[in-house]
Amino acid sequence: MSELSHVDGQLPHEPEKATLEGRNKVLGFWLFLGGEVVLFGTLFSVYLALRDQILDGPPPQELFSLPLVAIATLILLTSSLTSVFAIQAMHRNNRTALINWLVVTVLLGFGFLGLEIYEFIHYAHEGHTFSASAFSTSFYTLVGFHGAHVAFGVLWISLLIAQLFKKGLTVVTAPKVYVAGLYWHFVDVVWVFIFSVVYLMGKVG
């Protein structure tokens, strides 16, 4: 039986590494994430350099609502856990559980995005618009860029769910699920830094 002819229930324990193509996808994606780290590191540096340039806008101490951000953080971190459960289901060759956990991950991602959109609308009403100050521009660029990554991840995982329904769990689809899981963990780790550097540091001044 060839490497590409596996079907559900006949896969190796780690199907994402069962083929050379799969291993190359994982390695290539780690390199991609390295570039993303540099990009986000640059955005964090710009934000830290400009966070005191508020002009006449509201300062972070008055603007940020930690309870709302804490709820969004809990939702996103929970989605990281559900993505772990999805990968574990994949390693057990359980396509149904894999799909179910991916669906939960997507729903949690939508919940996070909904809270972030609500947050941005609230800030705009408080005068904290994109062009209000250097602080607001750097804030929306950093946090919004992360939000765009979350939205892309939600779309990506949704397409993978459709592909799993259509093609099943194979050594071709497994690496795609695995690298999507890596991407989602990366997005969650970046948010932990945003929560600490932007919101916590901003709240305490």
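The values are calculated or read from the model by the stated rules, or taken from the named source; none is laboratory data. Keep in mind that this is a model prediction, so the values were computed, not measured. We place every Cβ from the backbone using ideal geometry, glycine too, and count neighbours over all the protein chains shown. Heavy atoms of the whole protein, side chains included, go into the accessibility calculation; ligands, DNA and RNA do not. Shrake-Rupley method; radii C 1.70, N 1.55, O 1.52, S 1.80 Å.
Spin-label model, VAL103 to ILE117: label points 7 Å out along the Cα-to-beta-carbon direction sit 2.2 nm apart.
Shown are MET90, MET201, whose ranking by accessible area with a 1.4 Å probe and every protein chain present, most to least, is MET201, MET90. Taking every alpha-carbon pair under 8 Å whose residues sit at least 6 apart, the stretch 52-115 reaches a relative contact order of 36 percent.
Between the amide H of VAL171 and those of HIS6, distances stay under 5 Å, these residues lying 5 or more places away or on another chain, with hydrogens modeled in the peptide plane. Rg and Dmax of the stretch 48-192, both derived from C-alpha coordinates alone, stand at 17.9, 57 Å. In the context of the full set of protein chains, the chain has a per residue accessible area of 49 Å² (1.4 Å probe). One chain, two ends: VAL26 and HIS185. Fully extended at 0.36 nm per residue, the span grows by 55.8 nm beyond their Cα-Cα distance. With K and R counted +1 and D and E -1, the other residues having a Cβ less than 15 Å from that of ILE75 yield a net charge of -3.
Measuring only protein heavy atoms, the 1.4 Å probe finds GLU62 accessible over about 140 Å². Taking the Cβ-Cβ separation of GLN88 and PHE145 as r and a Förster radius of 30 Å, what is the calculated FRET efficiency to the nearest 0.05? Once the sixth-power term is evaluated, E becomes 0.50. Straight-line cross-link partners of LYS17 among the lysines, defined as a Cα under 30 Å from its Cα and at least 8 positions apart when in the same chain: LYS25, LYS166, LYS167, LYS176.
Per residue of the chain, the DSSP helices (runs of n ≥ 4 H) give a summed -39500 (n - 2.57) that works out to -26000 deg cm²/dmol at 222 nm. Measuring nothing but protein heavy atoms, the accessible surface of the stretch 96-205 at 1.4 Å probe radius is 75 percent carbon and sulfur. Net length available on complete extension from LYS166 to SER65 is 32.1 nm, with 0.36 nm assigned per residue and the Cα-Cα distance removed. Helix 134-167 axis versus longest C-alpha principal axis of the chain: approximately 20°, rounded to the nearest ten.
Between 0 and 90 degrees, the angle of helix 66-91 with respect to the longest Cα principal axis of the chain falls at about 10 degrees. Between ALA124 and LEU48, the distance separating the two model label sites (each 7 Å from Cα on the Cα→Cβ line) works out to 3.1 nm.
Taking only the Cα atoms of the stretch 130-205, the ratio Rg/Rh comes out at 1.17, with Rh defined as the Kirkwood radius.
Here the 3J(HN,Hα) profile of the stretch 180-190, calculated from phi with Karplus coefficients 6.51, -1.76 and 1.60 at θ = phi - 60°, is 5, x, 4, 4, 5, 5, 4, 4, 5, 5, 4 Hz, Gly and Pro shown as x. In summary, the stretch 79-148 shows an alpha-carbon radius of gyration equal to 1.56 times the 2.2 N^0.38 Å reference for compact globular proteins.
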